[in-house]
Structure formats: C-alpha cells, structure tokens
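Values in this text are rule-based calculations from the coordinates and carry no lab data. This structure is a prediction, so every number in the text was calculated from the model and none was measured. Using ideal geometry, Cβ is built from the backbone for each residue, glycine included, and neighbour counts are taken over all protein chains shown.
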C-alpha cells in the first residue's frame, strides 16, 4: 500500500513539473462568464404550466434576452429578439430557442413554430464583435442557451465548461458516489494531470477555432474544438470531441 501511494504521489508530481499551459489566445474571463450564466438560471422555479401537453407561457418565466447582460461581446441582429417556446412530451421537457422580429408577438406554443424549424437556427442571428471573447461567448451560448427548465431525461444535457484547475478539483471532489458511480483511481489521476485547461480562441482569415475543456457526468472530461465562420452568420462548421478522462455516473433517467 505504501509503495502504491508513493508511486501515485510521484506521478502527480511528475505531471505538475511538466510544461506550462500555453496562454496564446487564452480566455481569462471564462470563470466569470460561465458562473454568471449559471447564476441567471440557478434556482429558477419550474413553471407548473410547462408540465402539460403543448405548454404555453403564462407570464413571469425566464427571459433568455437576459443572457446578453452576461455575454457582453454578443448582440442580436438589429430588429430581432431571442425567445423560446417549451417542449414537453412526458419523457422530458426543454426550451426551444428561436428568433422573432422585434414587435412580432411571441409564438404561443411549439405547434406555432414554422415547418422545418432548426433548433440551432437562432445562432444565425447572434452577432459577435470579432474579439476572441466574443467567439468564446458564442460557444457558451450554443452550449448553455437551453440548459434551463430541464425536466427528466433532459438532464442528460449537463455539459459544463471547465475553466481552470479549480474547476477540475471541484468536479472530481463531487464524484464521490453521492450521485452515481465513484470516479476510479485511474481517472482521478488523469483528471489532476490535465494541462492547458483554459479555453483559447484562434482567429483565422475566414474561420475561428474555439478550443475548450468540458465535463459531463455521462462521459467525463472532453476536449472540444469548434470551428466557426468569422463572417455572419457565425455558423458552427465543425465540432471535434476528444475524451480526455472517461467517467460514467451510471444514472439513467
């Protein structure tokens, strides 16, 4: 046992002495941005009227335009408003974001959405100000924009952005068996040896690459690389995912 503990400590120290993370294009505001986005929706009381067939808003529900109070390098195209209707099917529930012209009444229910509705189509109307922070915030919106009023199976949509080593420690310390499986020793070590965690943005001539580390209870830690169009609309052209540290909580909704 003592020998195993010594080897583990040696591996950890060896990892700590490795090359420092590159900070070229690093986003220093990651933690503040992600925390502020989470704070907007944490503790929201689930509207009772949403857990019905073809639900409609009754007033007082969360306003997704509040996102732009945090995502200050993004804006909606002039004359457009970000809004949502709610989908509920008995197995789960989640918001469907869409864009409507300013002054046009909101859609009442999901049934009123146009034919061929694209769940990510709202992103075509979101403008970035061409700073590295703006493209990072664009990906934040794409990832976190519909992570509120989640019901039942929709809780699988739990991917969070990992900003730094402190986030890794917080996440791993929570994988103690209170919810699902306990993290394995191998994955525990691999998690603490992760390097170059901070998100980074590289702006090219026509496209932008946003690189970040994420975590989900149903998969573990991932390196995700988004390729966006630099010009409007900032279409997500490609997403590459690499599993860095595997973990499965084992919980099924």
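Overview of values
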item: Gap separating the Cα centres of the range 50-118 and the range 145-183, nearest whole Å; result: 25
item: Rounded to 10°, Cα long-axis angle of helix 2-16 versus longest principal axis of the chain; result: 60
item: Binned Cα-Cα distances of the range 57-154, short to long, each 5 Å bin given as a whole percent; result: 2, 12, 23, 25, 20, 11, 5, 1, 0
item: The chain: Cα Rg divided by the 2.2 N^0.38 Å rule of thumb; result: 1.12
item: Cα-based helix-to-principal-axis angle, 132-144 vs the chain, degrees rounded to 10; result: 80
item: Mean separation of Cα contacts under 8 Å, 6 or more apart, over the residue count of the chain: relative contact order %; result: 19
item: The range 144-253: radius of gyration over Cα atoms, expressed as a fraction of 2.2 N^0.38 Å; result: 1.18
item: Contact order normalised by residue count of the range 100-220, Cα under 8 Å, 6+ apart, percent; result: 26
item: Tilt relative to the chain, helix 30-41 - C-alpha long axis, 0 to 90 degrees, to 10; result: 50
item: Relative packing of 46-57, 63-74, which averages over residues the other C-beta atoms within 10 Å, highest first; result: 63-74, 46-57
